[in-house]
Amino acid sequence: MQIALFTDTFPPQVNGVSLTLKRLVNHLERRDIPHEVFVPEFSKHNLFESNIHRFTSLPFYLYPECRIALPNLLSVRNHLRRFQPDLIHIATPFNMGLCGLHYGKKFGIPIVSSYHTHFDRYLDYYHLKFASNWIWRYLRWFHEPCEVTFVPSEETKQQLENQGFSRIDIWKRGVDCDLFHPNKRNPDLREKYGIKEQLLFLYVGRIAPEKDLDILIEIMKKIPRPLQERIHWLLVGEGPLLPELRDQALPNVTFLGYLSGEDLAEVYASADLFVFPSSTETFGNVVLEASASGLITIGAKSGGVQEIIRHGKSGFLCSPRNADSFLQAIFRIVESPDLLQQMGKDARRYALSQSWDAILDGLLLQYEQSIYYARKGSTA
């Protein structure tokens, strides 16, 4: 089979969706499956890759890391005519996704889609809640022509079904357990960042309102002073709230900016606890990375995160947007330090069962089934 992928976010952009799609493209290459990728241009210095076609783009208001592309429709049509894809996968509902949807319908090419982001939940954080009904109507229209819409978690599947979507299937996410490994712990990390405190707490993710960072700040400030003086916080990520947080007098916080690869793996493995308050995740890739690193997570009982954390075994699930609930979990762990090692092992065991190769091979099988049923339907 030959696959055409249309997405409005792709490396070198940095977010969970772009990194997942890059993982998919790498897998297609390893499996020798011909593919063409249609994405926004992110930088004038993008490396040339013959099967990745980039188009002029602008930043998206709600999510600047996701780009609004201005595709050259004639160029896209010519590429598709030459390539003759058996399947189009559209990963985002913006201009590149619309382009893939248009040509899939125009040329009779089977289409599958994937739903990655709860944009409707973001509206509350940007004072745009009034647009929620319109967004759901648009998303239903966008995904309706697809053979199947892939979602990363059961919670997301249930939400879309409640909104009237049909033909939904699960495409989970995996983790690189060789990269993210407890053995990457670096005892020199504390000296590197001048950390004197006994406990190292970590957050990894976009520094933005929809990640419930106001709750993280509330947690930091509510910790009693004697315990607060024993904790140092590392915040990894970039985003619009970063300047504001840097200006606040937060207790014992180091901002590391964006990290990846070995640098990120080292920070995960060197931390004592992962605190992730976001209640808007469709999955929660960073929670799975923390688990692979043998790090237990205190996270919100919401979205896909609650399907990764086994409450009381590999971490703790707390009431969404409730700082006191998170504090109670922190107190429980601090009072029982043996839990860190015991639960960290359980988190690592779960991560080891989430192989990227197995998950992506499953997606390829779903591609083949979609092509088969689309062709069968067209000849019925």
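The values are calculated or read from the model by the stated rules, or taken from the named source; none is laboratory data. Keep in mind it's a predicted model, so treat the numbers as computed, not measured. Here the Cβ positions follow ideal geometry from the backbone for every residue, glycine too, while neighbour counts run over all protein chains shown. The area values use the complete protein model at the heavy-atom level, side chains included, leaving out ligands, DNA and RNA. Shrake-Rupley method; radii C 1.70, N 1.55, O 1.52, S 1.80 Å.
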Can you work out ³J(HN,Hα) from phi for every residue in the stretch 218-227, in order, using Karplus 6.51 cos²θ - 1.76 cosθ + 1.60 and θ = phi - 60°, giving whole Hz and x for Gly and Pro?
-> 4, 4, 3, 6, 8, 4, x, 3, x, 6
Would you list Arg190, Arg140, Arg246, Arg225 from the most to the least accessible area, probe 1.4 Å?
-> Arg225, Arg246, Arg140, Arg190
Cα extents of the stretch 296-341 along the principal axes, largest first, in whole Å, come to 28, 21, 10
Pick out which of His311, His102, His89 has the largest mean-square fluctuation in a Gaussian network model of the chain, springs linking Cα atoms closer than 10 Å.
-> His102
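Please sort by residue number the trypsin sites (Lys or Arg not before Pro) in the stretch 81-118 whose DSSP state is loop and whose Cβ has at most 10 other Cβ atoms within 10 Å.
Details: sites: Arg81, Arg82, Lys105, Lys106; in loops: none.
Taking the stretch 81-118 and a limit of 10 other Cβ atoms within 10 Å, no loop trypsin sites (Lys or Arg not before Pro) are found.
Please list the three semi-axes, largest first and in whole Å, of the ellipsoid equivalent to the chain, using sqrt of 5 times the eigenvalues of its alpha carbon gyration tensor.
Working: eigenvalues 291, 87, 82 Å².
Whole-Å semi-axes of the equivalent ellipsoid: 38, 21, 20.
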Pair Glu244, Glu197: separation of 7 Å Cα→Cβ label points (nm) = 2.2
Once the Cβ-Cβ distance between Asp124 and Arg31 is put in as r, and R0 is 35 Å, what FRET efficiency do you end up with, to the nearest 0.05?
-> 0.30
Using the Karplus equation 6.51 cos²θ - 1.76 cosθ + 1.60 (θ = phi - 60°), what ³J(HN,Hα) coupling, rounded to whole Hz, does each residue of the stretch 333-339 give in order, writing x for Gly and Pro?
-> 5, 5, 6, 10, x, 4, 4
What Rg and what Dmax come out for the stretch 240-317 when only alpha-carbon atoms are used, in angstroms?
-> 13.4, 37
Inverse mean reciprocal Cα-Cα distance (Kirkwood Rh) of the stretch 234-380, Å | 17.3
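Per residue, how much accessible area does the chain show when a 1.4 Å probe rolls over the protein heavy atoms, in square angstrom?
Values: 16750 Å² over 380 residues.
Counting only protein heavy atoms, the per-residue value for the chain is 44 Å².
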For the stretch 137-233, alpha-carbon Rg and Dmax in angstrom = 20.8, 58
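Past the 24 Å Cα-Cα mark, which pairs from Lys196/Lys221; Lys22/Lys313; Lys211/Lys301?
Details: Lys196/Lys221 19 Å; Lys22/Lys313 32 Å; Lys211/Lys301 14 Å.
From the list (Lys196/Lys221; Lys22/Lys313; Lys211/Lys301), the Cα-Cα distance tops 24 Å for Lys22/Lys313.
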Of all the accessible heavy-atom surface of the chain, with the other protein chains kept in place and a 1.4 Å probe, what percent is carbon and sulfur?
-> 50
